[in-house]
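Data block below; observations after.
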Amino acid sequence: MRLLVVEDESLLRQQLEQGLGREGYVVDGAEDGKSGLYYATEYEYDAAIIDLGLPEIDGIALIRQIRADGRQMPILILTARGDWQDKVAGLDAGADDYVVKPFQLEEILARLNALLRRAAGFAKPKLEFGPLALDISAKRLTVNEQAVDLTAYEYKMLEYLMLHPGQVISKSELTEHLYAQDYDRDSNVLEVFVRRLRQKLDPDQTLRPIETVRGQGYRFNLNVT
Amino acid sequence: MRVDKCGRDIEPMSKIAGNSTYSLQSRLLLAFSALLFFFLGLTGIILDRAFRNSVEAGAVERLQVQIYLLLSTVEEDDGEFYFLEDLQEPRFSQLNSGLYGFISSPAYGVLWRSDSARTFVMPDPEFFANRLAVGDTRFRRLDSVGAEVYFALSYGILWEDGIREYSFSVVENAAPYYSEIANFRTSLWSWLGGVAVLLLLIQLALLRWGLLPLHRLAVDLKKIEAGQRDKLEGSYPKELEGVTDNLNLLIESERKQQSRYRTTLADLAHSLKTPLAVIGGLLPRSAPDSGAGSTLPDKVQLQAVNEQLDRMNQIVSYQLQRAMRSEKASTLSRQVNASRTLRRILDALQKVYADKSIALDYQVDPKALFFGDERDLMEVLGNVLDNAFKYGRSAIWVSLQKTGSDGRGLRITVEDDGAGIEEDKQNFVLQRGARADTLVQGQGIGLAVVTDIVGSYAGEIRVEDSQLGGARILIEFNSNLTTGSNE
């Protein structure tokens with residue numbers, strides 16, 4: 001999952017980048033509204049965290065411009081003032097949730113998970129596809145109610161595919177959402193991950209949850225239950 | 001009565017505008033009426049005097065003519081006077097006719113009297129005794145015992161022989177003249193009275209027209225006070241333009257000051273809370289149970305630091321929210337459509353709590369108004385509804401009604417089906433100005449801030465048990481108060 005964090009306080013931004021990175025998110029940081037707008041309109045993100053008090057372009061104007069550009073990713077606002085005028089203005093402008101400063105990283109993670117899940121159309125915190133169940137809060141996969149161990153990248157890939165069921169996800173899109181920008185993008189690594197995932201999810205090859213669409217990418221094929 | 005930040009009393013603007021014993025209109029009307037009555041009275045007296053003088057002058061002329069008539073026909077023989085022909089004026093011959101003729105000399109008194117004066121008693125017997133120079137006339141107004149008034153005119157002559165001097169006198173009853181004067185007087189004062197009433201009405205109309213811009217100014221100021229307008233609009237006469245321009249500047253400057261105050265507080269909030277967030281991020285929430293560097297004192301210290309951090313955060317949040325709203329001692333409130341604000345808050349909260357699938361039921365009067373700052377209403381509705389969404393399980397009921405005979409009051413009811421607030425804590429959470437570090441855990445600072453805001457508008461807030469099973473928050477803003485007071 002690729003996230004954009006727009007926060008002018010560099011220490012706080014670094015903390016968010018590191019904390020979210022530890023949780024498996026790929027994070028781009030922007031220090032003001034102007035660079036935030038550049039990132040948000042130039043790259044694809046799964047969600048954005050935007051502080052309301054930003055230099056250059058303030059948070060509310062930034063959210064409006066992102067929405068005006070047609071970007072639909074969930075946006076979480078950070079507000080220091082915490083009054084309802086700000087919260088409502090931010091939500092009116094197009095944000096989806098708010099967190100009042102100071103906050104705990106756990107709170108941000110919980111809100112982000114809920115937003116990502118909601119954006120993918122899931123009401124419950126667990127994504128269930130037949131015998132497969134992915135708890136994105138606990139980052140835990142079960143097959144037939146048996147826990148399955150996944151590496152961080154395997155989990156990230158499966159989560160992304162399960163949040164976009166039925167859609168063909170290209171290898172480049174997967175790479176962008178799984179790796180930081182400066183990562184050496186080798187599509188062979190993705191193929192290795194997919195092969196390992198297939199073995200862990202469907203050792204008998206009866207479900208075939210991840211389909212390879214020739215020349216286009218991968219598709220998660222199971223139906224939501 | 002409200003007080004400003006220095007403790008001085010603040011009078012409502014409308015009271016200041018009308019705070020004098022007499023209104024401008026009464027003052028002008030009173031002064032102009034006094035002037036009008038003085039000049040009309042003086043005019044009446046002068047005209048009355050002039051007419052009276054003119055009537056008396058006319059009487060003198062007529063009496064003079066009568067004397068010439070007597071002179072032209074009288075003959076004297078050995079001290080006896082007789083007339084060559086009948087007197088042309090028949091009233092001389094008719095007894096007590098009201099016109100009497102006399103011929104007298106200072107030495108012998110009355111030598112002849114007309115037939116009409118046979119029984120007439122001269123009111124002033126001395127009248128004939130005084131010598132009158134030849135060719136002179138003497139006019140007298142004689143008051144008799146019987147309240148009759150007479151005009152008397154004497155004319156001194158030298159007889160043909162050049163030796164004897166006589167006085168020819170004519171006395172006439174003055175009643176017809178005074179009757180004429182009385183008629184004139186009645187007519188004169190009636191007309192003057194009519195003119196006075198007409199002038200007063202015209203003056204009243206002119207005053208109202210002249211003072212109309214001031215009335216408009218007072219009405220506009222009242223509208224600003226009631227929150228129906230932002231500033232004085234429209235054109236005023238140039239004499240008032242200076243005042244209205246300055247008032248607009250004053251209003252604008254007060255609003256700018258409020259805005260500056262909020263911006264400063266927002267900056268302060270940002271600059272305090274962001275470092276708090278950084279510190280919070282640097283500290284782990286709890287020390288690992290095992291590990292080389294983890295000792296019991298470390299855990300205790302970490303817990304203490306975290307607790308102090310939470311406390312600082314709560315105090316900063318609570319005091320900043322209080323400070324941000326306590327600046328609104330403004331007399332210039334605004335009129336806020338409460339249902340529109342409620343709609344915005346509900347839209348925002350439904351977005352945030354989309355996962356909870358709360359069944360929201362509400363009864364909202366679309367014309368319900370809040371007289372005050374919209375930020376205050378947003379804080380009240382936002383905090384109360386946020387609690388309802390947070391603690392409610394599946395259902396929320398919201399009601400917004402206008403109250404009071406003038407419809408300027410507002411009643412807000414919010415109910416949820418959550419766990420509710422225990423009875424012994426219901427009063428505690430509503431204590432005004434409860435210190436942040438003594439607030440009930442889980443209630444956050446929301447209800448304490450709401451209680452502060454409601455209290456500053458002299459409103460009421462109650463926490464009860466809802467029929468839905470959770471808490472029922474009832475807030476009433478009174479109709480007779482339009483603006484919040486300073487803390």
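Each value in this text was obtained by applying a stated rule to the coordinates, not by laboratory testing. Quick caveat: nothing in here was measured; it's all calculated off a predicted structure. Using ideal geometry, Cβ is built from the backbone for each residue, glycine included, and neighbour counts are taken over all protein chains shown.
Structural remarks
- Amide H to amide H distances under 5 Å link residue A:45 with no residue, where only residues 5 or more positions off or on other chains count and H is placed in the peptide plane.
- Furthest towards positive pole of dipole, A:94, A:20, A:138, structure part the protein assembly as shown, Cβ charges: A:138
- Distance in nm between pseudo-label sites at residue A:192 and residue B:53 (7 Å out along the Cβ direction from Cα): 13.5 nm
- Cα gyration tensor category, rounded, prolate or oblate, for the stretch A:1-83 with a/c compared to 1.5: oblate
- With Cα atoms, 0 to 90° folded angle of helix A:84-93 axis to chain A main axis: 50 degrees
- When you filter the trypsin sites (Lys or Arg not before Pro) in the stretch A:107-214 for DSSP loop state and at most 16 other Cβ atoms inside 10 Å of their Cβ, you are left with A:139, A:185, A:214.
- Cut-off 11 Å between beta-carbons: net charge of the residues surrounding residue B:401, Lys and Arg +1, Asp and Glu -1: +1
- Straight-line reach from residue A:200: taking Cα to Cα under 16 Å and skipping same-chain neighbours fewer than 8 places apart, the aspartates and glutamates in range are A:145, A:149, A:154, A:159, A:191, A:211.
- Annotation for residue B:311 and residue B:27: the two label points, set 7 Å from Cα along the Cα-Cβ direction, are 6.2 nm apart.
- Contour excess over end-to-end distance, with Cα ends at residue A:119 and residue A:224 and 0.36 nm allotted per residue: 36.3 nm
- Reach of residue A:126 by Cα under 18 Å, taken over lysines that are not fewer than 8 positions away in the same chain: A:139, A:156, B:356
- Whole-Hz couplings from phi, Karplus 6.51/-1.76/1.60, listed for the stretch B:342-350; x for Gly and Pro: 4, 4, 5, 5, 5, 4, 5, 5, 5
- Charge dipole (the stretch B:98-242, unit charges on Cβ, about Cα centre) - positive-most of B:183, B:218, B:142: B:218
- Here the protein assembly as shown is assigned +1 on the Cβ of each Lys and Arg and -1 on the Cβ of each Asp and Glu. Its dipole about the Cα centre then comes out at about 2540 debye.
- Overall, the stretch B:180-226 carries a charge dipole of about 160 debye about its Cα centre when +1 sits on the Cβ of Lys and Arg and -1 on the Cβ of Asp and Glu, all other atoms neutral.
- Net dipole in debye of the stretch A:16-121 [+1 Lys, Arg Cβ; -1 Asp, Glu Cβ; about Cα centre; nearest 20]: 300 debye
- Reachable lysines, given that their alpha-carbon falls under 24 Å from the alpha-carbon of residue B:273 and they are not under 8 places away in the same chain: A:34, A:87, A:101, B:328, B:390
- Positive-end residue of B:232, B:170, B:202, charge dipole of the stretch B:161-236 with Cβ unit charges: B:232
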